[in-house]
1. I'd like to check something: does region B:180-190 contain any residue that is without any contact (Cβ under 8 Å) to a residue 24 or more places away in the chain, buried (at least 21 other Cβ atoms within 10 Å of the Cβ) and not basic (Lys, Arg)?
2. What helices (runs of 4 or more DSSP H) lie completely within region B:9-125 and have 3 or more residues being under 23 Å from the mean Cα position of the chain (by Cα)?
3. When the residues of region B:55-91 are filtered to those that are in contact with a helix residue (DSSP H, G or I) (Cβ under 6 Å, 6 or more places away or on another chain) and free of Cβ contacts under 8 Å to residues at least 24 places away in the same chain, which remaining residue is farthest from B:Val110 (Cα to Cα)?
4. Is it true that B:Leu220 is within 19 Å of B:Gly50 (Cα to Cα) and loosely packed, with under 15 Cβ neighbours inside 10 Å?
5. Would you confirm, using the coordinates I've provided, whether A:Thr187 is under 18 Å from the mean Cα position of the chain (by Cα), assigned to a strand (DSSP E or B) and within 25 Å of A:Lys79 (Cα to Cα)?
6. Yes or no: A:Asp61 exposed (fewer than 12 other Cβ atoms within 10 Å of the Cβ) and either outside any strand (DSSP E or B) or more than 14 Å from chain B (Cβ to nearest Cβ) (or both)?
7. Restricting attention to region B:244-255, report how many residues are closer than 19 Å to B:Gly36 by Cβ and either within 13 Å of chain A (Cβ to nearest Cβ) or not in a helix (DSSP H, G or I) (or both).
8. May I ask you to say which residue of B:Met1, B:Met86, B:Met69, B:Met95 is at pLDDT 95 or above and in contact with a His (Cβ under 9 Å, 6 or more places away or on another chain)?
Amino acid sequence: MATEDHVEQPAADQPEGGVRRRDFLNIAAVSVAGVGGVIAILPLVNQMNPSADVLALASIDVDLSAVEPGQTIKTTWRKQPLFIRHLTADEIAEARAVDVSALRDPQSLEDRTAEGHEQWLISLAVCTHLGCIPLGAAPGENKGEYGGYFCPCHGSHYDTAGRIRKGPAPTNLVVPEYEFTSDTTVTIG
Amino acid sequence: MSFPWAEQYTPKNPFMKWMDERLPLPRLVYNSVGAGYPVPRNLNYFWNFGVLAGLALVIQIVTGVVLAMHYAANSEIAFASVEHIMRDVNSGWLMRYLHANGASFFFIVVYIHIFRGLYFGSYKAPREMVWLLGLVIFLLMMATAFMGYVLPWGQMSFWGAQVITGLFAAIPLVGETVQQWLLGGFAPDNAALNRFFSLHYLLPFVIAGCIILHIWALHLPGSNNPTGIDVKGPQDTIPFHPYYTAKDGFGAGVFLIALSIMVFFAPNFLGHADNYIEANPLSTPAHIVPEWYLLPFYAILRAFTVDFLLPAKLWGVLAMFGSILLLFFLPWLDKSPVRSGKYRPQFKIWFWVLVVDVLVLGYCGGAPAEEPYVMISQVAAMYYFAHFLIILPLISRTERPLPLPNSITEAVLGKDKSTAQPVAAE
C-alpha cells in the first residue's frame, strides 16, 4: 500500500492543483479547533447573564386601593425603585395642555398611561441621565419647575407625566410594561 | 535547557526582536513547546497524558472560577446554591457537570500518566525530581478533590468530611485536637465548609505552580521514551512543534470527545445519588464510599481490622498514607539500570500484576466492608507493599534484561524496513 502511494503520488507534499494535502488538513484541523473553542466560550460568557431565579422575580402585583389622588408611592421592581403616582385632575389637565411636538422626547400622557387609567402614572424612579432617584414622591419634596419630579444630582426637571422638560436627562422616565388586572390592582412586568 | 542541536530562536520581525531583548517570553515558549525543544522521535500515545492532565487542570480552573461566581460557601445555603446552579444559572448545569466529570477525567489521565512512568522507568535517574514533583502534584490533587467534594454539602460530602478528617483522629495523643483544628469544630459545619472552599480555590494554583517545576525538571534531561535509552544525537529527536503539538492536539480531541460523552449522556454515572440529599448530621448513608479515584487507598485503609501493637485504626491510616509516601522512594528501590519495562521480562510481569492489584483494591474499596472483600483487600494491600519493598529491589538485582538497541533511531527503524529505506522499498 505504501509502495503504491509512492508510485501514484511521488510525494504527498507536491502541490496538486495548487493545494497541498497537508495544507488542507492543517487548515481544516485548526478551523475546527478554533470554531469549537469559540463555541465553548459562549456558555462561559452567558453564565453571567441574569439567572432564571432573577428573571422569575421580574413581575410584581401592586394594590393601589389605598393611594389617594396626589399621592405617590415608591416600590421596587427588578431591584429598581418605581414610582406609582395617583395624578390629580389638575395634574392630568396640566400634562394634557403641553404641546407634545415641542418636547425633547415627544410623548402624550396617553402614551405613558394605560387606557382608562390615565390617573395612574407608573414609571421607574431612575433618572434617565445617570441613574439617581428623582425627588417629588414624598410630601414636601421638590417637585421641580414642572410639578412632577426633580433630580437633585444634575438638575433634571420632569413634568406631571414624568416627561423630561429641563436639564441634562435625554429621555422621559421609563414606563415599564404593566397591566391593570382590576380597577385597583396592577401587574408590573 | 536542551540538546545542543535544538533550533535557535531567531526573531525576524522587528517587534519580536525588540520584545526578545526585553521580555523573552516568546523565546521561552519556543524553547519549551515549540520547534526549539527536541523530543525523542519514538514517543507513543502514552506520552500524551501529561499534556492531557494539563488540559484537565485548565478545564477545572475555568469551570471552577465560573462555579465560584454562583456558589455560596455557607452550610445553610450551600446545597441550595448548587441546585440554583443546576436549575437557574445559564449553562450552570454544563459548568457543574464539566467540573465534576472533569475531576474524574483529571484522575484518569493522571493515573495513566503515573503507570506510564512506572512501566517505562521515567522515575529513574536523571528524572527523579520529575517523579517526586509529580507525586506532590498527585497529593495536592487528592486534597483538592476531597475538599471540592465536600462543597455541595450533600450527604456524601458531609460524611466524607467526617470520615477523612476522622483519619487524623487516629494519631496518638493529639489526634482529636488535630481533627477539631481541621474542622474548626466538633463535627463538619460552616467553619469546615468555608475553609474547604477557600483551600479548594487556592490549591489548583499551587498545583499549577508545581506543574511548572515538574516541566522545568523534565526539560533539563528531556522526555524519556518507550525504549528508555538516552538520546544520542540529532537523528534521535524531532522538534516538539509541529510533531508533538499535532500528536497532542489529536489526543486532546479524543479526550474532549470522551469527556463530552460523559457530561452529556452520563453526567452522574461516576457520582453518588446520596449526594443529592442535603447533609444531615443525624443520619449516615447506608454505604459510604469516596469518589472512585480514591477507592484503592480507601481499601488499604479498611484492610486493617486487628489491633497489633498499635490500634487497627492507626495501622490503616499509616498504611494508607504509607502507600503514597512509599512511591517517593521508588527511584532508589528499583536499582535496575534499564529503564523501559520493554526490555525487562521479569519486571514486565510484576508490573501488570501491580496494575491488576490496584484495580482489585479499587473494586474492594467500593464494595461493602464484609467478607470476602475484607480478606481480598488485605491480600491486595499486602501485595502492593511487597511489590515496591521486596519484588522491585529483588528483581532489579536478579533479572537479566533483554539486549538494548544501540540507539532510538535503530530501535525505531529496525522495526519497519519499508519506512527505514523508502528508496529501496520502491
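The values are calculated or read from the model by the stated rules, or taken from the named source; none is laboratory data. For clarity, every value in this text was computed on a predicted model and none was experimentally measured. Positions of Cβ are backbone-derived with ideal geometry, glycine not excepted, and every protein chain shown enters the neighbour counts.
1. The first filter runs over region B:180-190 and keeps only residues without any contact (Cβ under 8 Å) to a residue 24 or more places away in the chain, leaving B:180-186.
So of that shortlist, the ones also buried (at least 21 other Cβ atoms within 10 Å of the Cβ) come out as B:183.
Keeping just the survivors that are not basic (Lys, Arg) gives B:183.
Scanning region B:180-190 turns up at least one residue that is without any contact (Cβ under 8 Å) to a residue 24 or more places away in the chain, buried (at least 21 other Cβ atoms within 10 Å of the Cβ) and not basic (Lys, Arg).
2. Details: elements: B:14-22, B:25-33, B:49-68, B:78-87, B:92-120.
Ranges flagged: B:49-68, B:92-120.
3. Among them, the one singled out is B:Asp88.
4. Numbers: within 19 Å of B:Gly50 (Cα to Cα): yes; loosely packed, with under 15 Cβ neighbours inside 10 Å: yes.
Criteria met by B:Leu220.
5. Working: under 18 Å from the mean Cα position of the chain (by Cα): yes; assigned to a strand (DSSP E or B): yes; within 25 Å of A:Lys79 (Cα to Cα): yes.
Yes; evaluated as a whole, the condition is true for this residue.
6. On the way: exposed (fewer than 12 other Cβ atoms within 10 Å of the Cβ): yes; either outside any strand (DSSP E or B) or more than 14 Å from chain B (Cβ to nearest Cβ) (or both): yes.
So A:Asp61 fits the description; yes.
7. Within region B:244-255, the subset closer than 19 Å to B:Gly36 by Cβ is B:244-249.
Within this subset, residues satisfying the condition of being either within 13 Å of chain A (Cβ to nearest Cβ) or not in a helix (DSSP H, G or I) (or both) are B:245-249.
Total satisfying the criteria: 5.
8. Numbers: B:Met1 fails: at pLDDT 95 or above; B:Met86 fails: in contact with a His (Cβ under 9 Å, 6 or more places away or on another chain); B:Met69 fails: in contact with a His (Cβ under 9 Å, 6 or more places away or on another chain).
On inspection, the qualifying residue turns out to be B:Met95.
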